[in-house]
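**Q** So that we are looking at the same thing, I have put the structure below in C-alpha cells.
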Amino acid sequence: MAITIKVNGIDRTIDVDGDTPLLWVLRDVLGMTGTKFGCGMALCGACTVHVDGAASRSCVTPVDSIGKSEITTIEAIGGTAAGARIQKAWLDREVVQCGYCQSGQIMSASALLASNPHPTDADIDDAMSGNICRCGTYVRIRDAIKQAAQSN
Amino acid sequence: MILDHLTSGAAGPIQSPSTSDLSRRSFLQAGAAAGGGLMLSLNLPLANREVEAAGADELAPNAFIRIGGDGQIILTMPYVEMGQGTYTSIPMLIAEELEVDLKQVRLEHAPPNEKLYGNPLFGGIQATGNSNAIRAAWQPLRQAGATARTMLIAAAAKRWNIDPASCRAESGEVLHPPTGRTIKYAELAAAAARMPVPERVVLKRPEDFKLIGTPAKRLDAPSKVNGTAVYGIDVRPPGVKIATLAQSPVFGGRA
C-alpha cells in the first residue's frame, strides 16, 4: 500500500505493507542507512529516530502508525540546535569507538537536550539507559552530553 | 570481523616482517592513474613465512595509494575499521613519510575482491583480525609514503632542473630552500607518475617523526556522528535483494 511519511522535512511516499517497521523503510526502501539495525526488538537503541522530537525505536514502529508525525534521523539531526551541539561535543570528546550504536546514542542524547537543556546525571541515565554500547563509551557519552548542555 | 576459527588456526609462529623479507619483493609499482595522478600499489607483507613461501610472487596488490590532481592522498584499505583505530593510524604512517597533513589523507573501503584484497593469513579471505593490520602495515606503508615522496621530489627537481638532494618535502609541497621555490604535490602528481620507482627509499628516523607517536583525532569520527559512515550492513551492491526470515509466530508451528 502507498504510504506517505515526512522524513527530515520531506514527504516520502513508499509502497510497503502497513506493518513494515519504520527502520526497514528508512534503510531498505529509502536507502537512509545512517540509522542502524541492532536487535529488531527495541532492546538496544541503535535504531533510534525522532518522531515529533521524541526518541523512538524505529525497529518496532510500524510505518502506518506514524500518520502526520515528523520523522528526524541522524542524517538531519545536525540541522537542529540540540543535535548540532551534541555532534560537536561527540567530536570534541572523541566519543566514538566502532561507532555502530552512535547514531542511536546521538538521537537519544539530542532528544534529551532538546527537552531538558540542563540534565542531571539521573536525567542522563533515564534518557540513555536504552542505548547499548558494546565498546563501552558510556563515560564519554555522559561527558559529551554535559559539554553540550554547558554550551547551551 | 574477527574470525576466531581462522585466527586460532594460523599455521606456524607469527613473525614480524624484517627488512630482508621486504627487500625480496617489489612492493611498489607506479603507473599513471586514470585521472593523470600518481598511483602506487603495494603488497602488504605476510607475517607468516610458510604462507609467504607458498605464493608471495603471485600475490596481487591489496592496497592502493592515489595522489590526485586535487592534492588529496587516497588509500584504499583492505582492513576494516572496527573501533581499533586503523583508519587513523594507517593514514598516519603514510602521512608521516609523505610529509602531508593528516587531514589531506583520506581512506576508502576496499571493494569486495578477494583476489586483490584477500588476507593471505586468513587463507585468502578478505578479512580483518588477529590484531595484524597495523603490525603488517608498519613498514610497507611508511615505505609507500616515502616512495611517493621521493618521486614527487624527483619530479619537482626535474622541472626545476636541479639536484633532487637539494629539495625536501613539507606539508604537501616540495621545497627548494636555496631559492625558496615551492610546488604543491597536486601540481606534481601527473609528472611524478612518470618517474621511475626508486628501488630504495630512506625512511625517517623515529626522532624526526611528526605524527607517529602523537595523539590524533580519529579520522572516522565525523562520519560516525552524522550517519554517513558505511558499515558492512549498509553496503548495497547492484542487484542485491533485501531478505529476512519469516518466523512462525508460535512455538512448534508448521508451514
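The values are calculated or read from the model by the stated rules, or taken from the named source; none is laboratory data. This is a predicted model, so every value here is computed, not measured. Backbone-built Cβ (ideal geometry, glycine too); neighbour counts: all protein chains shown. Each accessible area value is taken on the protein alone, full model and side chains, heavy atoms only, with ligands, DNA and RNA left out. Shrake-Rupley method; radii C 1.70, N 1.55, O 1.52, S 1.80 Å.
**Q** Take the range B:191-220 and flag every residue that is part of a helix (DSSP H, G or I) and open to solvent by 80 Å² or more (accessible area, probe 1.4 Å).
**A** Passing the criteria: B:Pro206, B:Glu207.
**Q** Inspect the range B:91-102 for any residue being among the charged types (D, E, K, R) and open to solvent by 30 Å² or more (accessible area, probe 1.4 Å) and give the result as yes or no.
**A** yes
**Q** Right, here's the next one. Please state which one of A:Ser69, A:Ser115, A:Ser108 is open to solvent by less than 60 Å² (accessible area, probe 1.4 Å), more than 21 Å from A:Asp11 (Cβ to Cβ) and more than 11 Å from chain B (Cβ to nearest Cβ).
**A** A:Ser108
**Q** Kindly indicate whether any position in the range B:174-190 is part of a loop (DSSP other than H, G, I, E, B), among the hydroxyl-bearing types (Ser, Thr, Tyr) and exposed (fewer than 10 other Cβ atoms within 10 Å of the Cβ).
**A** Scanning the range B:174-190 turns up no residue that is part of a loop (DSSP other than H, G, I, E, B), among the hydroxyl-bearing types (Ser, Thr, Tyr) and exposed (fewer than 10 other Cβ atoms within 10 Å of the Cβ).
**Q** Take the residues in the range B:221-236 that are outside any loop (DSSP other than H, G, I, E, B) and surrounded by 15 or more Cβ atoms within 10 Å (Cβ to Cβ); name whichever of them is farthest from the other protein chains (Cβ to nearest Cβ).
**A** B:Ser223
**Q** What are the residues in the range A:14-40 that are over 22 Å from A:Gly79 (Cβ atoms) and more than 12 Å from every other protein chain (Cβ to nearest Cβ), if any?
**A** Hits for the range A:14-40 are A:Ile14, A:Asp15, A:Asp17, A:Gly18, A:Asp19, A:Cys39.
**Q** Further question on the same structure: Which count do you get for residues in the range A:75-100 that are open to solvent by 10 Å² or more (accessible area, probe 1.4 Å), over 17 Å from A:Asp143 (Cα atoms), within 10 Å of another protein chain (Cβ to nearest Cβ) and of a type outside the set (Phe, Trp, Tyr)?
**A** 4
**Q** When you go through (1) of a type outside the set (D, E, K, R); (2) in contact with a strand residue (DSSP E or B) (Cβ under 7 Å, 6 or more places away or on another chain); (3) crowded, with 19+ Cβ neighbours inside 10 Å; (4) under 17 Å from A:Met128 (Cα atoms) one by one for A:Val25, which number turns out not to apply?
**A** Exception for A:Val25: condition (4).
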